[in-house]
């Protein structure tokens, strides 16, 4: 089983879209895939028409069990997405309160790592969609994963978010048994605009070692797929964005980038 | 009416706070067992403290100045150096984790660096000043370019020195690639007034910056 975390300490860079796009492709390739939404906004959860405000069971239940010294039962938190081979542990708004109410913190950073381990035989891939805030949830996701995928909008301010993320990675590396491998994925790329091209040039200049060679284009089909509640690969397999995510997935699986 | 004295709260450094939080969060506690009874009294971390720890890091992160990269490109046309009028040769080198292209016309020579023991360090020099080295009967100041430009950590694995400015300075680098023969159209030239004056432009499709040796030499002086 491989665990990939999709994160950036800046919002609106395409984290959820990247999670769903990769999850849909993995499932289409016959790989059993679980997405875990730990973003209190619950964008990934809403994508599949679940309501993060009213779910009884969610990723929040994992943290709650651990805090109450009970063994979490991840199996009971798994929801279907309507796509065969693609499952979801949804988010709840209550996740936003975790940083404030976790009185006893020891080991609370390893909840997702242990969840993934408990589901080892059930799935080939686990994708974790993160909040853009540094706290217990993001630390959990970074401690659990084999690889971090950082979507970066090809826009100047988004690149600053990447610098923050790199600092977090440096800090996390000191606590992990092995260095965190990460791949920077340019998103919202519009080759007609100067901002996109200049931003990509900056990424290539400053982050070449970890940068995926492609860029996910702006594609209205992604928004339409979201409106339909379907992974992009199921909504329109011939779209430009799906072609791009397919290339990304191939290179991630061959561990070509960011190793 | 007397007001209560304000008691100052000492917050630790942001990185220290974050690594303390990480140590706690990632502590390898035993597997959870619902049936086990807790016999040892446990020390609770007060929610206020954990909040402060998290916020200390968050605040610092929020306060980082956002550099305006808009100034990278001024709305004027680039001025090409004379050597770039026809074909020219570039040497691509690796410094630290980054690749840079250096115009061969800007290089005096390339010297192997067998080890740091060849360098005599001089106290009181800036961080980029790695020391001086005897080279062709004179002293060469060896420079860590990544540190000078504040783009990366100090280079630890230097194997070559790019000698510039008629043998006065040498830039450490990790490895060399085959020289490239290019022409002006192969480069995205920087506009005059660009913030990073140490680069002349970017090689198209090569993911590496073309160093402006003249500007770098000016900085050294």
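Quick notes on this structure:
- Pairwise centroid distance, computed over Cα atoms, of segment A:114-132 with segment B:148-220, Å: 43 Å
- Proxy reagent accessibility, fewest Cβ within 10 Å first, across A:223, B:136, B:168: B:136, A:223, B:168
- For segment B:112-162, the direction-averaged projected area of the alpha-carbon convex hull comes to 3.7 nm².
- Put in order of Cβ neighbour count within 10 Å, fewest first, the listed residues A:29, A:4 become A:29, A:4.
- Projecting label points 7 angstrom from Cα along Cα→Cβ for residue A:190 and residue A:208 puts them 2.9 nm apart.
- Partner shielding of B:16-27 amounts to 6, given as the average count of beta-carbon atoms from other chains within 10 Å of each residue beta-carbon.
- Segment residue B:15-residue B:166, extension gain: residue separation times 0.36 nm, minus the distance between their alpha carbons: 50.0 nm
- Anisotropy class of segment A:95-151 from Cα gyration tensor, a/c 1.5 cut: oblate
- For segment A:119-252, the gyration tensor built on C-alpha atoms gives an oblate shape. Its axis ratio a/c (a ≥ b ≥ c) is at least 1.5, and a/b is not larger than b/c.
- Listed residues A:153, A:75, A:101, most fluctuating in chain A (Gaussian network, C-alpha, under 10 Å): A:101
- Extension gain for the segment residue B:109 to residue B:83, taken as residue separation times 0.36 nm less the Cα-Cα distance, is 7.6 nm to one decimal.
- Value of D in µm² per second that Stokes-Einstein yields for segment B:76-212, Kirkwood Rh from Cα pairs, at 25 °C (0.890 mPa s): 157 µm²/s
- For peptide A:193-200, the mean count of partner chain Cβ atoms within 10 Å of a residue's Cβ comes to 1.
- Stokes-Einstein translational diffusion, segment A:1-151 - Kirkwood Rh over all Cα pairs, 1.567 mPa s, 4 °C, in µm²/s: 87 µm²/s
- Mean separation of Cα contacts under 8 Å (6+ apart) over length of chain A, as relative contact order %: 26 percent
- Extending 7 Å from Cα along the Cβ direction at residue B:122 and again at residue A:54 yields two label points whose distance is 7.5 nm.
- Size descriptors for chain A, from the alpha-carbon set: Rg then Dmax equal 17.2, 54 Å.
- A straight chain from residue A:247 to residue A:121 at 0.36 nm per residue would run longer than the Cα-Cα distance by 42.7 nm.
- Note on chain A: GNM, Cα springs under 10 Å; of A:217, A:237, A:132, the largest mean-square fluctuation is that of A:237.
- Order of B:122, B:164, A:36, A:89 - criterion: other Cβ atoms within 10 Å of each residue's Cβ, fewest first: B:122, B:164, A:89, A:36
Laboratory data are not the source of any read-out in this text; all were calculated from the coordinates shown. As the structure is a computational prediction, the values presented were derived from the model and not from experiment. A quick note on method: Cβ atoms are made from the backbone with ideal geometry, for glycine too, and the neighbour counts reach across all protein chains shown.
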